[in-house]
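The values are calculated or read from the model by the stated rules, or taken from the named source; none is laboratory data. Predicted model only: the values in this text are computed from it and were never measured. Using ideal geometry, Cβ is built from the backbone for each residue, glycine included, and neighbour counts are taken over all protein chains shown.
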Amino acid sequence: MAHLPFTRPLIKISGEALMGSGQYGIDPQALDAIARDIADLANSGKRIALVVGGGNIYRGLAGSAKGMDRVKADFMGMLATVMNGVALQQTLVRIGQPATIYSGLPVPTICATFSRDAAVEDLEAGKVVVLAGGTGNPFFTTDTTAALRAAELGCDSLLKATQVDGIYSADPKKDPRAERYDRLTFSDVLAQDLRVMDAAAIALARDNAIPVVVFSLHEQGAIGKVMRGEALCSVVGT
Ligand code: UDP
């Protein structure tokens with residue numbers, strides 16, 4: 001396993017990762033462990049942007065499947081990501097890691113609305129930049145937000161934390177013959193319809209030549225380990 005050469009990663013943390021072993025919401029221990037992992041990485045000199053999801057609280061698609069207006073449901077999903085973002089940013093600050101938060105969905109009482117220039121300034125100053133509120137638009141996901149913000153902020157990689165240690169030909173939890181890939185091209189992912197991120201996110205990463213690293217967040221210190229080449233991952237590139 002090789003050390004990953006990236007110095008300015010954008011890390012996508014799904015809402016589920018914040019649930020820990022729970023079924024809903026935010027588990028303080030899981031939150032703390034993720035924040036410490038990120039703070040360690042920031043202390044090693046990496047410039048880190050974080051996009052946080054909201055699936056531990058609310059997903060627009062699930063709401064609309066139960067009869068909710070899709071646009072309103074997506075706004076609720078975006079608000080869920082703001083809750084997670086505030087929790088992450090506050091935890092980072094509490095453990096001594098300077099961090100700021102921006103929201104793509106304007107919620108000015110809670111935090112500043114996303115500004116590319118301000119976020120870049122914060123990154124350069126060594127602050128972890130938490131990006132909540134998705135793109136601010138319904139019908140998108142936080143995976144697409146991650147690819148978009150990575151391009152806007154000049155990030156050199158997109159690290160997608162998942163439940164498994166890379167990309168497989170099939171779900172390894174259901175199919176024991178599933179093959180794990182170390183390296184793939186964006187075209188492989190799109191052509192084989194591998195469920196890494198949604199197609200819009202993959203296309204954005206491809207068009208902006210931002211490698212996507214898929215890894216498991218299960219182990220303690222997982223993000224640092226994958227960066228140092230001490231944990232498995234799959235890398236999607238051109
Ligand atoms: N969402 C949205 N626009 C965006 C990003 C997110 O409408 O640009 C909404 C959407 O309803 C989504 C929810 O926010 O279901 C939570 O995001 P996501 O499902 O990507 O979270 P994750 O699965 O990563 O926890």
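On the stretch given as segment 192-219, residues that are loosely packed, with under 15 Cβ neighbours inside 10 Å, free of Cβ contacts under 8 Å to residues at least 40 places away in the same chain and farther than 20 Å from A151 by Cβ total 3.
In this structure, is V189 more than 14 Å from the ligand (Cβ to nearest atom), surrounded by fewer than 22 Cβ atoms within 10 Å (Cβ to Cβ), among the β-branched types (V, I, T) and outside any loop (DSSP other than H, G, I, E, B)? No, not satisfied. Screening A73, A87, A62 for residues that are among the hydrophobic types (A, V, I, L, M, F, W, C) and touching a Phe, Trp or Tyr at 6+ places or on another chain (Cβ under 9 Å) leaves exactly one candidate, A73.
Out of A231, A205, one residue alone is within 15 Å of the chain's Cα centre (by Cα), closer than 30 Å to Q90 by Cα and of a type outside the set (D, E, K, R). It is A205.
Considering (1) modelled with pLDDT of 95 or more; (2) in contact with a Ser or Thr (Cβ under 7 Å, 6 or more places away or on another chain); (3) within 16 Å of the ligand (Cβ to nearest atom), the lone condition that V164 does not fulfil carries the number (1).
In segment 50-70, the residues that are touching a residue at least 12 places away in the same chain (Cβ under 8 Å) and within 30 Å of T91 (Cα to Cα) form Cβ pairs under 7 Å with partners that are assigned to a loop (DSSP other than H, G, I, E, B) and more than 9 Å from the ligand (Cβ to nearest atom), at six or more places apart or across chains, as follows: N56/Y24; N56/G25; N56/I26; I57/G25.
Scanning segment 20-39 for residues that are in contact with a Ser or Thr (Cβ under 9 Å, 6 or more places away or on another chain), within 14 Å of the ligand (Cβ to nearest atom) and of a type in the set (G, A, S) yields one hit, A30. Among helices (runs of 4 or more DSSP H) entirely within segment 40-143, having at least 3 residues that are within 13 Å of the ligand (Cβ to nearest atom), within 23 Å of E16 (Cβ to Cβ) and under 19 Å from the mean Cα position of the chain (by Cα) singles out 70-94. On the given criteria, is R8 among the basic types (K, R), surrounded by fewer than 23 Cβ atoms within 10 Å (Cβ to Cβ), in contact with a Cys (Cβ under 8 Å, 6 or more places away or on another chain) and at pLDDT 95 or above? Yes.
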